[in-house]
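The values are calculated or read from the model by the stated rules, or taken from the named source; none is laboratory data. A quick note: this is a predicted structure, and the numbers were derived from the prediction, not measured. Cβ atoms come from the backbone with ideal geometry, glycine included; neighbour counts cover every protein chain shown. Calculation scope for accessible area: heavy atoms of the full protein, side chains included, ligands and nucleic acids excluded. Shrake-Rupley method; radii C 1.70, N 1.55, O 1.52, S 1.80 Å.
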Amino acid sequence: MTPDVIQRQAEYLAALTLLRDWGADEALLEAPQDRFAEVESAVQAARSDVTYEGRASVRGGGEAPRAVERSVSARGVARQGEVEKLSETAFLARMATHHLKPIYAENAPVMLIGEVPDAEEDRTGSLFAGESGLLLDRMLASIGVARSALSQVPSVPWRPPGGRPVSASEMKACLPLLQEAIREGRPQRIVTLGVTPLRMLCGAVMLGRMRGRWTSVTIPGLEEPIPVFPMHHPVQLRVGAPMRRKTWEDLLSLREHLEKAGVL
């Protein structure tokens, strides 16, 4: 077998692996299915609604008052923002296998916000599935906390195609979903696990500098800012002993703060 043949076979295998990660469950279809066209049609329909609203608002008798014009303009800008978010979230939703949904524990004082779904979470549709869930359970158990007593929310509900990093525009489009989940759970404290939820809530920050230090975040619709404690994601425990030592220090600090605040 020549090197060229081996290379082609490796490329075919990589392509099949990518299709599997994208959720392909049929080898052949009677007609090709263009996922990009489906998203584009939804975006075009939303844009048509914006245009129709603008025309309908100024019909029916001469010039529109300036107040009406400003109203139409503002409404158009808001809807255009919705169109942008639609294009980003619709693409992720189309390409992912599952939509990860928040888990709310009754009267939970703490909310855990996880990373972008990994392959196991996307396959099962469950937050912190597989190895990351086992590691998280052990981390919490080491300070006497059960995961079932805490609310759990994904930072981004869908896994990007092929497990690629989530883009800044996708994080921005998914931020309202995360804020809505926080409003629904109304936690007293938030623990972010990984860099994505921290950046979505606090902006362009470095997890290495923020981890283990309390900060606060303001959520639209909630009167008071919520204290946030950034930590590394559980899978980072595999990096080595230094990472495990840092995580243990953060867990002890978290436990001490929650006890002093009377949250646990």
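Computed values, structure above
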{"read-out": "Residue within segment 208-222 that is open to solvent by less than 50 Å² (accessible area, probe 1.4 Å), assigned to a strand (DSSP E or B) and among the hydroxyl-bearing types (Ser, Thr, Tyr) present", "value": "yes"}
{"read-out": "Failed condition for Phe91, given (1) modelled with pLDDT under 55; (2) assigned to a helix (DSSP H, G or I); (3) of a type outside the set (Ser, Thr, Tyr)", "value": "(1)"}
{"read-out": "Condition check for Pro176: in a loop (DSSP other than H, G, I, E, B) and over 21 Å from Lys246 (Cβ atoms)", "value": "no"}
{"read-out": "Residue that is farthest from the chain's Cα centre (by Cα) [pool: residues in segment 204-247 that are over 19 Å from Leu178 (Cβ atoms) and of a type in the set (A, V, I, L, M)]", "value": "Ala241"}
{"read-out": "Flag for Arg123 being open to solvent by 50 Å² or more (accessible area, probe 1.4 Å), over 25 Å from Met243 (Cα atoms) and either modelled with pLDDT of 95 or more or aromatic (Phe, Trp, Tyr) (or both)", "value": "no"}
{"read-out": "Residue in segment 143-155 that is surrounded by 15 or more Cβ atoms within 10 Å (Cβ to Cβ), touching a Gly at 6+ places or on another chain (Cβ under 8 Å), more than 17 Å from Leu258 (Cβ to Cβ) and of a type in the set (Val, Ile, Thr) present", "value": "yes"}
{"read-out": "Test for Met111: is it out of contact with any strand residue (DSSP E or B) (no Cβ under 7 Å at 6 or more places or on another chain), at pLDDT 95 or above and not in a loop (DSSP other than H, G, I, E, B)", "value": "no"}
{"read-out": "Enumeration of residues in segment 96-109 that are in contact with a Pro (Cβ under 6 Å, 6 or more places away or on another chain) and open to solvent by less than 20 Å² (accessible area, probe 1.4 Å)", "value": "Leu100"}
